[in-house]
Structures are given as structure tokens and as C-alpha cells.
Amino acid sequence: MTIVKAALIQAHANMGKQEAIDKHVGMIRDAASQGAQVVCLQEIFYGPYFCADEGNTEWFRTAEHAETGPTVLLMQDLAKELGIVLVLPIYEEAMQGVYYNTTVVIDADGTNLGKYRKTHIPQVGPIFWEKFFFKPGNLGYPVFDTAVGKVGVVICYDRHFPEIYRELGLRGAQIVFNPSATVESLSRYLWELEQVAGAAANGYWVGAINRVGIESPISEHKFYGSSYFANPKGEIVAQANDTDDAIVMHDIDLDQIQSVRDTWQFFRDRRPETYTATVDPALP
């Protein structure tokens, strides 16, 4: 049996960048002390979710490079010290004036394995004015070969597009993390539907992470936490509440992927040659 002890960190982050970083470093250390081998944080973890503040260019100053930025370098040192894999969502400045919503994957020896850039960018009022702040990702859907297994990433709004889950499954992902910033609204009921469907349809583990509390500049909408792990059968096996900071821990059995796929032969029975409309760029 191949067991990986995994952790998700959900937290209230209505604070300055350095304060939020310090808070999460403490929570990462706590998770590691409980035996965590891989830890994933929430979407752009180091401060409030700022995308309701469309037009405010001051938020650009919180972005940093995904290879040489101070937060990434700090977390590389922390990962190496603790011997854990870190899945680190940041606000990336690729060059002056070009910004991405990015997750960096750091291996247990501190190596920066690379990054995934959020592909699907929402523009949904009155909160999610993300097209002002983020360029759509251009790196495809990488799977990272880490000390704990093959890791894929889906960022927040990406989870509404099942094609990504299949791409990651076909590329060999064993654990897919979905760092998010999701408030109580129209999509609340989808929170426990889409990720578990992705886990079941592809026979791998999913870790879904959300914030908690009320943050400025949103101020009227509550992040509802409820971070969880779903197993390859699509069952929620560990979950946080909807109000408190939390470290969600679970022993992930990677061998369960094989046992589930022995039963549900979805990869064997798929017929990609018939799905022509799915990949036809001429269609809306």
C-alpha cells in the first residue's frame, strides 16, 4: 500500500502580504509536524482576494516572479527544511504589465519543479473581475513528478471545465489540487459536485481548497471554506467546516487509483475520435 499524508490549508487572509505569508508558514509547519508530506494552499494565498477591486493597479505590486520572487524562494527553503512538497498559488508577474494567476510546485528537496497558470479567467460581477488582473494561462496542463507522486493543478474557475480533469488524468496525474477563492453565491452547490465528478471520472485523488471569512475589497460576500479530499471513487473522505482556519489532513492511498480503474474502465472505453465538437475551435 502506497500512502501519502496530504494536507490542505484553508485560512482567513484579510491582511497584508507579509502577515499572510507568516500566518501560512506557521500553518505549513503545523501540517508538517502532523506528518504531512504534501501541502497545498488556497488561491493567491498571501492576502485578500482582490479581484472585486477592478481598476486598482496597486494590486499589481503584490505580484512576483514565479522563479525568483521572494515568496517562492522562501517556500523553497521551507520545503527543503521540512522535507515536504508544497503546492503554492501566487500572483505572478511574468514581465512588467503581464500577470498570471499561477501555482508553483516545489519538491521536497526545495526544487522548483515548474508552474501552472490558470487557463480559464472569469469576468462575473460584482466580484470576479479577473480579466483585469490576469492573462489566461499559456502553459497547458502540466503534471509534476514529485516526491509524493504525480501532481496536477486546477485553479478555481478552471474546475467548471471537465476537459482539464481528463487532460490531467491522461497525463498521469495521481493527485489533482484545486486552490480556490469561492464565495457563497450561485456556484455554492457546485463545490461538492464538480471536483468529486472529476475524481470519479478519472480515477484519481482531488484536493479542493477554499478560503474562509469576509475580506475587503469584497466585504459583503463570505468565503465558505469546506475544503476537502475526494478519493478516486468520487467520495469526500475528509472535509473542513465553512467558518474556521483549518488544516485538512488525509492519508491518500495511491494504490486505490489502480483498484478503481480496474473496475471503472473509463480510459479504456473513451472514444476520442468521436468527440469532434469538443476540440473544434470554429465552434462557440
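The values are calculated or read from the model by the stated rules, or taken from the named source; none is laboratory data. Just so it is clear, the structure is predicted and the values come from calculations on it, not from any experiment. As a convention, Cβ positions derive from the backbone with ideal geometry for all residues, glycine included, and neighbour counts pool all protein chains shown.
General observations
- Within the range 187-204, the set of residues being more than 11 Å from Y228 (Cα to Cα) and outside any helix (DSSP H, G or I) comprises S187, L193, G203, Y204.
- Selection from the range 108-139 of residues that are touching a residue at least 40 places away in the same chain (Cβ under 8 Å), surrounded by fewer than 21 Cβ atoms within 10 Å (Cβ to Cβ) and closer than 24 Å to Q76 by Cα: A108, N112
- Selection status of F229, within 29 Å of N14 (Cα to Cα), buried (at least 23 other Cβ atoms within 10 Å of the Cβ) and out of contact with any Cys (no Cβ under 9 Å at 6 or more places or on another chain): yes
- Tally of residues being buried (at least 16 other Cβ atoms within 10 Å of the Cβ) and either more than 15 Å from A7 (Cβ to Cβ) or among the polar types (S, T, N, Q) (or both) across the range 209-220: 6
Let's see how each residue does on (1) within 19 Å of H221 (Cβ to Cβ); (2) within 16 Å of the chain's Cα centre (by Cα); (3) not charged (D, E, K, R):
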| residue | (1), (2), (3) |
| --- | --- |
| M15 | yes, no, yes |
| I28 | no, yes, yes |
| E54 | yes, no, no |
| G69 | no, no, yes |
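- Residues that are buried (at least 18 other Cβ atoms within 10 Å of the Cβ) and within 27 Å of Y157 (Cα to Cα) within the range 22-35 comprise K23, H24, M27, I28, A31, listed in sequence order.
- Counting only strands (runs of 3 or more DSSP E) that fall entirely inside the range 112-160 and contain at least 1 residues that are among the polar types (S, T, N, Q), under 16 Å from E92 (Cα atoms) and more than 13 Å from the chain's Cα centre (by Cα), the qualifying elements are 112-117.
- Of residues in the range 156-194 being closer than 22 Å to F223 by Cβ and among the acidic types (D, E), the one surrounded by the fewest Cβ atoms within 10 Å (Cβ to Cβ): E184
- If the condition is being of a type in the set (S, T, N, Q), in a loop (DSSP other than H, G, I, E, B) and modelled with pLDDT of 95 or more, then the range 205-254 contributes N210, S226, S227, N231, N241, T243.
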